[in-house]
Amino acid sequence: MPASEPTRVLVHADESCLGNDRSKPSPGGNAALIEAPAGDSVARWDLYECSPQTTNNRMALAGAIATVEWIRRQWKHAGVVYVSDSQYLVQGMRDWVAGWEARGWKRKGGAVENLELWQKLVQAAAAHEITWQWIEGHAGHAKNEYANDLAIRAAERQERSNGLVPSGFDTWLAQRRARGEYPDYDPDEELHERF
């Protein structure tokens, strides 16, 4: 009997750091909009976290770790398209980590910054088939803008979702449409197009 296809999951993630400086208070947040087919429709969840002192890069890595770990709790093994505007995260997972691992977790130029987070992400990501995609941030892409808004709110309020929660994306999109934004955007089409 052939193995069943893994559940298809689409993630749009973003991070925020208010200050982005280790020498002064720099609270941060990260967020992900997680989507999966649900019969003839799409199920959506949000996941967001915070840290009182961090950087953008650390929040991007921490958010990716939390997201893929929650996906594993939900589906065990999934085919994931993970979309982020963090070149650090996407390029790291696509291009850098294999070389670092081959060199004993060292860069050609020395130590790997945020080593413990990279190692944890590689371990968490191994449970899934993940395609890492970069998207330009603040360019009007609805799901990236939504994840950005969630990440900023998590950073400002220092709040976390404590797991997957029903998404507020549809309400957010309706509010934006009321202002004349995204009039022809079909949020469900993207999930089916990417797989």
(message) Filter the range 96-141 down to the residues that are free of Cβ contacts under 8 Å to residues at least 12 places away in the same chain, over 23 Å from residue 10 (Cβ atoms) and part of a helix (DSSP H, G or I) and list them by number.
(response) 96, 98, 99, 102, 115, 116
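Looking at this structure, is residue 57 modelled with pLDDT under 90 and over 18 Å from residue 75 (Cα atoms)? If you could, list the steps in order and put the result at the bottom.
Values: modelled with pLDDT under 90: no; over 18 Å from residue 75 (Cα atoms): yes.
Judged against the criteria, residue 57 is not a match.
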(request) Among the numbered conditions (1) under 14 Å from the mean Cα position of the chain (by Cα); (2) modelled with pLDDT under 95, tell me where residue 149 comes up short. (result) (2)
(request) Could you please find all residues in the range 39-62 being among the charged types (D, E, K, R) and in a strand (DSSP E or B)? (result) 44, 46, 49
(request) Being among the charged types (D, E, K, R) and surrounded by 18 or more Cβ atoms within 10 Å (Cβ to Cβ) is the filter here, so list the residues in the range 68-118 that pass it. (result) 85
(request) Please go through the range 145-195 and pick out each residue that is in contact with a strand residue (DSSP E or B) (Cβ under 8 Å, 6 or more places away or on another chain) and among the β-branched types (Val, Ile, Thr). (result) 152, 165
(message) Kindly evaluate residue 13 against the criterion of being touching a residue at least 60 places away in the same chain (Cβ under 8 Å), touching a helix residue (DSSP H, G or I) at 6+ places or on another chain (Cβ under 7 Å), within 15 Å of residue 131 (Cα to Cα) and outside any helix (DSSP H, G or I).
(response) yes
(message) I'd like to check something: does the range 160-181 contain any residue that is surrounded by fewer than 16 Cβ atoms within 10 Å (Cβ to Cβ), among the hydroxyl-bearing types (Ser, Thr, Tyr) and not in a loop (DSSP other than H, G, I, E, B)?
(response) yes
(request) Note down all Cβ pairs under 7 Å where the first residue falls in the range 19-38 and is under 22 Å from residue 5 (Cβ atoms) and in a strand (DSSP E or B), the second is among the aromatic types (Phe, Trp, Tyr) and modelled with pLDDT of 95 or more, and they're at least six residues apart or on different chains. (result) 34/45
(request) Please name all residue pairs, on different chains or six or more residues apart, with Cβ atoms under 7 Å, provided the first residue is in the range 163-192 and is without any contact (Cβ under 8 Å) to a residue 24 or more places away in the chain and under 19 Å from residue 45 (Cβ atoms) and the second residue is part of a loop (DSSP other than H, G, I, E, B) and of a type in the set (Lys, Arg). (result) none
(message) List the residue pairs whose Cβ atoms are under 9 Å apart, where the first residue sits in the range 46-62 and is more than 12 Å from residue 19 (Cα to Cα), the second is in a strand (DSSP E or B) and hydroxyl-bearing (Ser, Thr, Tyr), and the two are 6 or more positions apart or on different chains.
(response) 58/51; 59/16; 59/51; 60/84; 62/51
(request) For residues that are assigned to a helix (DSSP H, G or I), over 14 Å from residue 16 (Cα atoms) and touching a strand residue (DSSP E or B) at 6+ places or on another chain (Cβ under 9 Å), tally how many sit in the range 63-86. (result) 8
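The values are calculated or read from the model by the stated rules, or taken from the named source; none is laboratory data. All figures in this text were calculated on a predicted structure; none of them were measured in a lab. We place every Cβ from the backbone using ideal geometry, glycine too, and count neighbours over all the protein chains shown.
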